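Colleague: Just dropping this structure here.
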Amino acid sequence: MTKTVHHWIGGKAVEGASNAHGPVTDPATGEVTGRVAFASVDEVDAAVAAAREAFATWGTSSLARRTAILFRYRALLDAHRDEIAALITAEHGKVHADALGEVARGLEVVELACGITTQLKGELSTEVAGRVDVASIRQPLGVVVGITPFNFPAMVPLWMFPLAVACGNTFVLKPSEKDPSVTLRIAELAAEAGLPDGVFNVVQGDKVAVDRLLEHPDVAAVSFVGSTPIARYVHATATAHGKRVQALGGAKNHMLVLPDADLDAAADAAVSAAYGSAGERCMAVSAVVAVGAIGDELVARIKERAEKITIGPGHDPASEMGPLITAAHRDKVASYVRGAAAQGAEVVLDGTGFTVPGHEDGHWIGISLLDRVSVTADAYRDEIFGPVLCVLRADTYEEGLALINASPYGNGTAVFTRDGGAARRFQLEVQAGMVGVNVPIPVPVGYHSFGGWKDSLFGDHHIYGKDGVHFYTRGKVVTTRWPDPADAPAGVDLGFPRNH
């Protein structure tokens, strides 16, 4: 009998009651290993009600209490990181090393939340007028929601809820239905750390659950990470219902390689950034722009390295890249490679048709490398979300920059060069929210904020860091006047000499 992944509401596991379920699959074998309950509207309402009830006391709890719980939570996550990584591998398919890296990046934001006391400090101005002081403070919003993607089932929730609850909010998480088990485990660990019942809740589900959360009158804010079309929908729907929204969308991240670049370093970076985690990440480099005469040599070095990548089950220590999340996604990724030549690209490596002996039913695809790709080609225009790297050619820096800035996406980008002046110009002139200089995947550390520009972000706040604290709180300004105690009414003696 396969396992069933249920909800976490009010501090305990709650069996799904809707009789609606979805399959949970091991991408390495194609085997259905379980099923996940899909929440009904009533079940979503129960989770929000639990969060609303918990907010009544959690929102006014002391910072000392919150941070003590978060420190214990951080220790538990660290102690169980191998177990969490194994859950990720079993349902997402990424190799164990990638899964461990995901947990480590999530822990960075938990650590930021542990230091929330300094992040929530207000400001005070005294004597702005006679006996008048003005203070600025930040207060929690109430019940907030996170809707997270399949590609980082532990990291992205950890980018959201620890900071939200540290700020005094309560949280309802709707994770991806494709790899749901890890979210229940991190919820269990939060309870073990002492997080009160109802502060963190998990509802599994599909569009029914998402839509109810977006419209629920007791939800104050929504954080989302996923594709651009869904990010746009989440932003439009939730804001129409009066909610604060940060919705992070898709990407087409470019890496500009200038003629003076270290080509070995650039090739290493392109391979790791394009094919790591099978390309299923919004910060993957999916387009390399080679400037000048270096293109042929750069492509040759990328090809040489890419051909050496070992593809296999994520639990095998020898594997460097695992399968894709579903067979349908694998087929969609393959279609871009199969159609590339007809749209003018040179197919240097074709990963379609790849399989792993003994695991033929897994969701496998090999490494693909496309050269001389046109900006009008589907493989360039669309977010593929798989191990496909497009190489484009530009004659000059200005041409390469214009190509990047013409993209509707603006998540991350990178430049490879030995020239500091060129790098400085690029970081100022490129239209993207995150920039790497000789760093291919410029994901900020936890105490800076993550977010893109253009169609990669809908809303005004980036995620985690200072922006995250501001998103999960709202400002209040208090102006105070107190009479001088020397002017106390007759008959009240506070021990001060009378002014008159």
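The values are calculated or read from the model by the stated rules, or taken from the named source; none is laboratory data. The structure displayed is predicted, hence computed values, not measured ones. Positions of Cβ are generated from backbone atoms using ideal geometry, with glycine treated the same way; all protein chains shown enter the neighbour counts. Areas reflect the complete protein model, heavy atoms only, side chains present, ligands, DNA and RNA absent. Shrake-Rupley method; radii C 1.70, N 1.55, O 1.52, S 1.80 Å.
Colleague: If I ask for residues that are open to solvent by 40 Å² or more (accessible area, probe 1.4 Å) and under 24 Å from the mean Cα position of the chain (by Cα), which ones from the range 14-40 would you list?
Modeller: Within the range 14-40, Pro23 is the sole residue that qualifies.
Colleague: Right, something else. Which of the residues belonging to the range 180-220 are surrounded by fewer than 20 Cβ atoms within 10 Å (Cβ to Cβ) and among the β-branched types (Val, Ile, Thr)?
Modeller: Val208
Colleague: Here are some residues: Val202, Val222, Val210, Val172. Which one is under 16 Å from Leu457 (Cβ atoms) and touching a residue at least 40 places away in the same chain (Cβ under 8 Å)?
Modeller: Val222
Colleague: Scanning the range 1-19 for residues that are over 18 Å from Thr183 (Cβ atoms) and aliphatic (A, V, I, L, M), which turns out modelled with the lowest pLDDT?
Modeller: Met1
Colleague: Kindly provide the set of residues from the range 421-438 that are touching a residue at least 24 places away in the same chain (Cβ under 8 Å), crowded, with 16+ Cβ neighbours inside 10 Å and within 15 Å of Ala266 (Cα to Cα), ordered by number.
Modeller: Gly436
Colleague: Within the range 398-408, can one find any residue that is open to solvent by 40 Å² or more (accessible area, probe 1.4 Å) and under 26 Å from the mean Cα position of the chain (by Cα)?
Modeller: Yes, the range 398-408 contains at least one residue that is open to solvent by 40 Å² or more (accessible area, probe 1.4 Å) and under 26 Å from the mean Cα position of the chain (by Cα).
Colleague: Okay, moving on. Evaluate the range 242-257: report whether one residue or more is at positive phi, open to solvent by 50 Å² or more (accessible area, probe 1.4 Å) and modelled with pLDDT of 95 or more.
Modeller: Yes, the conditions are met somewhere in the range 242-257.
Colleague: Working carefully through the options Thr57, Thr33, find the one that is assigned to a helix (DSSP H, G or I), among the polar types (S, T, N, Q) and either closer than 15 Å to Phe171 by Cβ or modelled with pLDDT of 95 or more (or both).
Modeller: Testing whether each residue is assigned to a helix (DSSP H, G or I), among the polar types (S, T, N, Q) and either closer than 15 Å to Phe171 by Cβ or modelled with pLDDT of 95 or more (or both) leaves just Thr57.
Colleague: Let me ask you something else. Would you check which residues across the range 359-371 are out of contact with any Pro (no Cβ under 9 Å at 6 or more places or on another chain) and either free of Cβ contacts under 8 Å to residues at least 60 places away in the same chain or under 11 Å from Val337 (Cα atoms) (or both) and list them?
Modeller: Residues satisfying the conditions are Glu360, Leu369, Leu370.
Colleague: Can you find, within the range 461-495, the residue that is nearest to Thr126 (Cα to Cα) among those that are in contact (Cβ under 8 Å) with a residue 12 or more places away in the chain and in a loop (DSSP other than H, G, I, E, B)?
Modeller: For the range 461-495, the residue satisfying everything is Trp482.
Colleague: Restricting to the range 288-310, count the residues that are touching a residue at least 24 places away in the same chain (Cβ under 8 Å), surrounded by fewer than 22 Cβ atoms within 10 Å (Cβ to Cβ) and either in a loop (DSSP other than H, G, I, E, B) or under 30 Å from the mean Cα position of the chain (by Cα) (or both).
Modeller: Of the residues in that region, 4 qualify.
Colleague: Taking strands (runs of 3 or more DSSP E) that fall entirely within the range 64-179, which contain at least 3 residues that are surrounded by fewer than 17 Cβ atoms within 10 Å (Cβ to Cβ)?
Modeller: 123-129, 132-140
Colleague: Could you grab me the full set of residues in the range 46-63 that are of a type outside the set (S, T, N, Q) and open to solvent by less than 40 Å² (accessible area, probe 1.4 Å)?
Modeller: Within the range 46-63, Ala47, Val48, Ala49, Ala50, Ala51, Ala54, Trp58, Gly59 meet the criteria.
Colleague: Mind listing whichever residues of the range 321-346 are in contact with a Ser or Thr (Cβ under 8 Å, 6 or more places away or on another chain) and surrounded by fewer than 17 Cβ atoms within 10 Å (Cβ to Cβ)?
Modeller: Arg338, Gln343, Gly344, listed by residue number.
Colleague: When the residues of the range 1-13 are narrowed to those that are assigned to a strand (DSSP E or B) and either farther than 22 Å from Phe171 by Cα or not β-branched (Val, Ile, Thr) (or both), which ends up least open to solvent (accessible area, probe 1.4 Å)?
Modeller: His7
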